[in-house]
1. Putting +1 on Lys and Arg Cβ atoms and -1 on Asp and Glu Cβ atoms, find which of LEU319, ALA145, TYR163 reaches farthest to the positive end of the dipole of the stretch 2-321.
2. By how many nm would the segment from ILE162 to THR351 grow when fully extended, if each residue of separation counts as 0.36 nm and the alpha-carbon distance is taken off?
3. Take LYS201 and SER275, extend 7 Å from each Cα along the Cα→Cβ direction, and tell me the distance between the two endpoints in nm.
4. With the alpha-carbon atoms as the only input, what is the per residue convex hull volume for the stretch 203-348 in Å³?
5. Once Lys and Arg get +1 and Asp and Glu get -1 on their Cβ, which of ALA121, THR100, PHE256 lies farthest toward the positive end of the dipole of the stretch 2-321?
6. Given the protein chains as shown and a 1.4 Å probe, how many square angstrom of ARG320 are accessible, to the nearest 10?
7. So with the 1.4 Å probe, I'd like the accessible area per residue for the stretch 2-321, rounded to whole Å².
8. What residue among LEU73, GLY241, PHE109 has its Cα farthest toward the positive end of the dipole of the stretch 2-321, where the charges are +1 on Lys, Arg and -1 on Asp, Glu, each on the Cβ?
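The values are calculated or read from the model by the stated rules, or taken from the named source; none is laboratory data. Computed from a predicted structure; not experimentally measured. Every residue, glycine as well, gets a Cβ built from its backbone with ideal geometry; the counts of neighbours run over all protein chains shown. These area figures cover heavy atoms from the full protein model, side chains too; ligands, DNA and RNA do not enter into them. Shrake-Rupley method; radii C 1.70, N 1.55, O 1.52, S 1.80 Å.
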Amino acid sequence: MAERLLKSVSVRALKGAKRGGQYRREAMIAYGILIVGYLLLQLGAATGLIGMNLQGQFVPICVYMSLAISLNLVVGISGELSLGHAGFMAAGAFTGVVVTRVLEGSLGFAPARLIIALIAAAFVAAIAGFIIGIPILGLRGDYLAIVTLAFGEIIRNFMNVIYFGLDKNGHLLFSFNHAIDGLEDANRVITGPIGATGITKIATFTGATLLTAFTLFVVLNIKNSKQGRAIMAIRDNRIAGESIGLDVKKYKLMAFVVSAALAGMAGCMFGQNYSTLAPVKFNFNTSVLILVFVVLGGIGNIWGSMIAAALLTILPEALRQFSDYRMLTYAIVLILVMICTYNPAIKARITGIMAKINPFKKPKDGGGKTGGRKTGGSKSKKKSGKEEA
């Protein structure tokens, strides 16, 4: 029995893990998409081919790509369904707002404030992910999805009852469930359900692209590490993984916390791109939207989720000319893409076309077949020689 379990892990998980060449190929495609997309969008903005409305989507495109990549660590690599990603995004966004406002008077260099805010947002979101992950990662499937959805809503509603402000000396003030008295509007940082106001926008397209590259670096290295192979082994066969000594809860918690930290960093970048930020932005619909990016791009497919996030962020803005029919057209396009992606016949045809144009495809070596024929011929000649003798 133990041998069969061990064989199940080694064959289904370890053989399916990415080898060095496949890892480099996946990394080249993902980084290539990011770099080419960045250059094309910058070129389009510089030449006037891309309007101001679409230029305003540059940072959100990178943010949603980072969120899709980080969620793929849980949904695709760990094999768990999470619907609370928007909650970690909210924790990172409001943490970043508080940190940048506190540092605004003492640190004038905006990129330095942004980097510190990203680190703080990752730390707070990771703590939230750790606290949430300990009691719930024993659940599976729909139960885990429901509980993560509930915790995501708890985080969002917690943001509705916290108040932050700055006094005359620049010291941070905090209040729970009631407004801070005696503060001018300019000194209010977060005002309960109204959210954060007066944010100095310091997020840039270049900074958001670097954040996406960092998220790619973390997720790809985890996926192709010893820990990543253990996570995928547990995903494929939990009982077999436990039988050979893998700590299931430890590895699942690791993936969940890292994903939450990366979502917090993406939320921080998102918050620094707007002058006002309300908790209602991080509701259930945002979590579902991020999950759609992952499913549409292919569960476990990192660069596929990047493309899906970029297209589904650009598409509503590109369809704005259709006015009332904009979201209807968006829904129809989404359904058609899902059908084409998951229809076996269409998928096989697309795979065949991609195989023909694949630059990494190696030519087949026919030497073995020729050698086989020669061997067969020599054997037949020996036999005929014996018969004549």
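1. The residue sitting most towards the positive pole is ALA145.
2. Working it through step by step, the gained length comes to 62.9 nm.
3. Between LYS201 and SER275, the label points sit 0.8 nm apart.
4. For the stretch 203-348, the hull spanned by Cα atoms encloses 156 Å³ per residue.
5. Result: PHE256.
6. 120 Å²
7. 45 Å²
8. Farthest towards the positive end: GLY241.
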